[in-house]
Each structure stands twice: as structure tokens, then as C-alpha cells.
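Have a look at the structure below, then the notes.
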Amino acid sequence: MSIEKQVYCEIIAQETPKVLRNCHTCKKTMEFYCSEKFRVNAQQKNIDVWLIYKCVQCASTWNYPILSRVHTGSINKELHKKFMSNDREVAWIYAFQIEQLKKLCGGVNTDIEYLIVGEQIDVEVESVMIHLSSKYKFDLRLDKVLKEILGISRSKLYQIEDHGGIVINPQVGIKSKVKEDLLISIVKGCLKL
């Protein structure tokens with residue numbers, strides 16, 4: 001497959017996933033959002049760290065356990081400083097631990113706002129290689145992202161796939177979740193079949 005153009009695209013999350021928890025104040029299951037704040041508690045030489053979530057309706061809190069009874073000497077000093085200063089980047093890293101959050105909550109709402117930043121793809125281009133990356137992993141389907149990048153419908157995208165016009169590396173299905181950096185080769189000319 002001869003590639004006419006290479007494009008670099010990044011999926012940028014605009015918010016963190018919300019968790020579903022029973023809110024003791026609202027007396028029902030509610031969404032809780034990440035406050036981007038940590039609670040750090042030290043007793044003697046042990047430390048506990050939580051990421052604080054707040055109910056979207058009443059601001060009641062839930063503490064997501066990050067570290068529990070860990071010896072202070074075994075924590076990276078730089079990470080400890082970031083916990084103490086409520087580093088937003090570190091908070092987001094933990095807020096996107098979807099599988100861990102699912103184990104502790106009634107569910108995780110990963111339907112979040114995002115942007116796709118990258119070069120525009122000319123509709124006349126016959127073949128393109130897309131370098132797709134995302135700093136955070138959430139339940140975003142690859143077919144949804146590709147239709148946005150290419151400016152085509154999902155049905156046309158599936159036609160391209162059916163005619164062998166899409167190669168994904170590492171090899172995943174087009175309906176799979178975006179979980180890692182991907183290299184996607186697409187021959188748009190397959191639509192003319």
C-alpha cells in the first residue's frame with residue numbers, strides 16, 4: 001500500500017470520567033466528578049493518599065484510595081510533592097484508571113468531552129497513514145474517531161474496511177476501544193469500488 005500523506009492526530013480529553021456511587025446526602029446513586037485534589041494522611045512512617053471525588057448535585061465527597069499504609073520511605077519524593085500540591089496531571093492519571101474505578105464504584109461514565117487535534121485530511125487524498133495517540137485511555141471507539149478524522153460516515157468507513165482498505169498496527173478491530181498509540185493506514189480510494 002503506497003501512502004500519499006501522513007497525519008498526526010491526538011485525542012485530548014477535556015474532562016475526567018465521572019464515577020457512579022451511592023450519595024449519602026442525595027440518598028441515591030449519583031455521578032461524582034474528580035475534584036483534582038488529594039487527601040494525604042500520614043501516621044508515623046505510614047502514609048495514605050486518596051483522590052477526592054464530589055457529587056455533582058450536593059458536593060458530598062468520596063475518597064478514591066491511591067495509597068494505603070505505605071511506608072514513607074518507599075514513595076518517590078517527587079510524586080509525594082505532587083500529591084501534596086494537588087498536581088492536576090497526577091490527579092488525571094489516577095482519574096483515568098477506569099478498570100480500578102469500576103471495581104470500587106457502581107460504574108464509570110466514560111462518555112466524556114474530547115478534542116481531536118491534528119492536520120486536516122484533504123478529501124482528494126487517496127491514501128493516508130494516521131498516527132493516532134491519546135494520553136489517557138477511555139472507552140472511545142476507534143470507528144468513531146476515524147469517522148471524525150476522515151469526515152465520512154461510519155457506513156463508508158465500514159465499506160473501506162470490507163474492501164481491505166484499512167490496516168491497523170497494532171492489529172485491533174475497527175470497533176475496538178482506543179487503548180494505545182495506533183498507526184492506521186487507510187486507502188480512501190476503496191470507496192470508489
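The values are calculated or read from the model by the stated rules, or taken from the named source; none is laboratory data. All values derive from a computational prediction rather than experimental measurement. A quick note on method: Cβ atoms are made from the backbone with ideal geometry, for glycine too, and the neighbour counts reach across all protein chains shown. Remember, those area values only see protein heavy atoms, side chains included, never the ligands or the DNA or RNA. Shrake-Rupley method; radii C 1.70, N 1.55, O 1.52, S 1.80 Å.
Go over the candidates 82, 27, 54 one by one and state the one that is modelled with pLDDT of 95 or more, open to solvent by 50 Å² or more (accessible area, probe 1.4 Å), of a type in the set (Lys, Arg) and in contact with a Cys (Cβ under 9 Å, 6 or more places away or on another chain).
So the residue among 82, 27, 54 that is modelled with pLDDT of 95 or more, open to solvent by 50 Å² or more (accessible area, probe 1.4 Å), of a type in the set (Lys, Arg) and in contact with a Cys (Cβ under 9 Å, 6 or more places away or on another chain) is 54.
Applying a threshold of 8 Å to beta carbon distances and a minimum spacing of six or more residues, or different chains, the list of pairs starting in segment 61-90 at a residue that is among the small types (Gly, Ala, Ser) and ending at one that is assigned to a loop (DSSP other than H, G, I, E, B) reads 73/45.
Test of understanding: among 49, 70, which residue is surrounded by 13 or more Cβ atoms within 10 Å (Cβ to Cβ), farther than 30 Å from residue 134 by Cα and of a type in the set (Val, Ile, Thr)? The conditions single out 70.
Do we find a residue being over 15 Å from the mean Cα position of the chain (by Cα), of a type in the set (D, E, K, R) and closer than 30 Å to residue 186 by Cβ anywhere in segment 51-71? Checking segment 51-71: not a single residue is over 15 Å from the mean Cα position of the chain (by Cα), of a type in the set (D, E, K, R) and closer than 30 Å to residue 186 by Cβ. Cβ-Cβ contacts under 7 Å between residues 6 or more apart (or on different chains), taken from a first residue in segment 1-25 that is without any contact (Cβ under 8 Å) to a residue 60 or more places away in the chain to a second residue that is among the small types (Gly, Ala, Ser) and surrounded by 13 or more Cβ atoms within 10 Å (Cβ to Cβ), are listed as 23/60; 24/60; 25/60. Every condition in (1) open to solvent by less than 70 Å² (accessible area, probe 1.4 Å); (2) more than 19 Å from residue 32 (Cα to Cα); (3) more than 16 Å from the chain's Cα centre (by Cα) is met by residue 122 except one, and the failing one is (1). Contact map, segment 95-118: first residue at negative phi, second residue open to solvent by 40 Å² or more (accessible area, probe 1.4 Å) and part of a loop (DSSP other than H, G, I, E, B), Cβ cut-off under 6 Å, separation 6 or more or different chains; pairs are 110/139; 112/15; 113/14; 113/15; 114/14.
Filtered by the rule that a residue be open to solvent by less than 60 Å² (accessible area, probe 1.4 Å) and over 14 Å from the mean Cα position of the chain (by Cα), segment 133-148 gives 143, 146.
Of the strands (runs of 3 or more DSSP E) lying entirely inside segment 102-193, those carrying at least 1 residues that are at pLDDT 90 or above and closer than 30 Å to residue 28 by Cβ are 107-109, 114-118. Taking the criterion of being open to solvent by 70 Å² or more (accessible area, probe 1.4 Å) and either in contact (Cβ under 8 Å) with a residue 12 or more places away in the chain or not basic (Lys, Arg) (or both), the residues of segment 149-176 that qualify are 155, 156, 159, 161, 162, 163, 167, 169, 171, 175. When residue 115 is tested against the conditions (1) within 18 Å of the chain's Cα centre (by Cα); (2) crowded, with 16+ Cβ neighbours inside 10 Å, the lone failure is (2). Taking residue 17 as the residue in question, decide whether it is under 30 Å from residue 130 (Cα atoms) and under 23 Å from the mean Cα position of the chain (by Cα). Answer is yes for this residue.
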